[in-house]
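Coordinate-derived values only; no laboratory data. Quick caveat: nothing in here was measured; it's all calculated off a predicted structure. Cβ placement follows ideal geometry from the backbone for every residue including glycine, while neighbour counts extend to all protein chains displayed.
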Amino acid sequence: MTRPRFNRILLKLSGEALMGQNQFGIDPEAVESLAREIIAARDHCPGLCLVVGGGNIFRGMAAAAKGFDRASADYMGMLATVMNAIALQGALEKLGAETRVQSAIPMASVSEPYIRRRALRHIDKGRIVLFAAGTGNPYFTTDTAAALRAAEMGCDALFKGTSVDGIYSADPKKVADAKRYETLTFSKVLSDDLKVMDASAVALCRDNNIPIVVFNVRQPGNLAEVLAGRGVATIVQHGSET
């Protein structure tokens, strides 16, 4: 399948991508590996921004299920995403990239506040912008934050890095004959509840015609390969399924 080329993307990474083989926290080697993948990808896509989750440190919904106040738990999860963004920023800058962290929760000592026009200028100047603290509001996931920022930044696509090489009809780690899709429509993802991203994020991408590209971020070089049109991935967009 021939894929379109993208000039500006938002890359959504889970917090788990930063913990490597550990059960929690931030693994410096995993962060450095991700940073190298991101730097390599810039050869194929000059405009790049990121949203990183915080599940390797704290999950708001999981904490709420154990008795935490949901809003407070979500705010704690947002703070975890700031820690991850700063860690990834440090690794990227060690490799020579110019970066900015913008937080939806103002914390001037460690990041810029999220200002849309400033973020756009940074991207236009070739800087990698890392958006932290989700949308700044409880009850919204970092998937929704990623879709929102992708729309605000005028991105050509939202890339979601996972531990599998696309979207399947069932969990391929549990169902041996699960079908892998090359392309899917937004409507199919929503109607079949395929768990690509949360429904709000998928609907936001649908309404703004932003394709969602799901790929295996743990495979070395795969991000650059997918951006070059060669790697394995599933694209969610308007059209038909294959």
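Values as computed for the structure displayed
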| read-out | value |
| --- | --- |
| Spatial extent of the stretch 90-176: Rg and Dmax, with the Cα atoms as the point set, Å | 15.8, 49 |
| Between the stretch 141-159 and the stretch 194-239, the Cα center-to-center distance that results, in Å | 11 |
| Full-extension gain in nm, R5 to L79, via 0.36 nm per residue minus C-alpha separation | 23.2 nm |
| Dipole axis of the chain (+1 Lys, Arg; -1 Asp, Glu on Cβ), positive-most option in N208, T144, Q89 | N208 |
| Stokes-Einstein translational diffusion, the stretch 173-242 - Kirkwood Rh over all Cα pairs, 0.692 mPa s, 37 °C, in µm²/s | 253 |
| Pairs beyond 20 Å (Cα-Cα), from K173/K195; K12/K179; K94/K160; K12/K66; K12/K174 | K12/K179; K94/K160; K12/K66; K12/K174 |
| Per-bin percent of Cα-Cα distances, the stretch 1-113 [10 Å] | 14, 40, 32, 12, 2 |
| The stretch 8-237: antiparallel DSSP beta bridges as a percent of all, rounded to 5 | 20 |
| Size of charge dipole - the stretch 1-138 - debye, nearest 20, with Cβ of Lys, Arg +1 and Asp, Glu -1, no other charges | 620 |
| Of the trypsin sites (Lys or Arg not before Pro) in the stretch 97-157, those whose Cβ has at most 11 other Cβ within 10 Å and which sit in DSSP loop | K125 |
| Intensity falloff of the stretch 1-66 expressed as log10 I(q)/I(0), Debye formula with alpha-carbon point scatterers, at q = 0.17, 0.22, 0.25 Å⁻¹ | -0.71, -0.94, -1.06 |
| Among P28, L184, P106 the positive-end extreme of the charge dipole of the chain (Cβ point charges) | P106 |
| Estimated dipole of the stretch 8-237 in Debye, rounded to 20 [Cβ of Lys and Arg +1, of Asp and Glu -1, Cα centre] | 320 |
| Whether the stretch 8-237 is rounded, prolate or oblate, judged on the alpha carbon gyration tensor where a/c under 1.5 counts as rounded | rounded |
| Relative contact order [Cα under 8 Å, 6+ residues apart], the chain, whole percent | 22 |
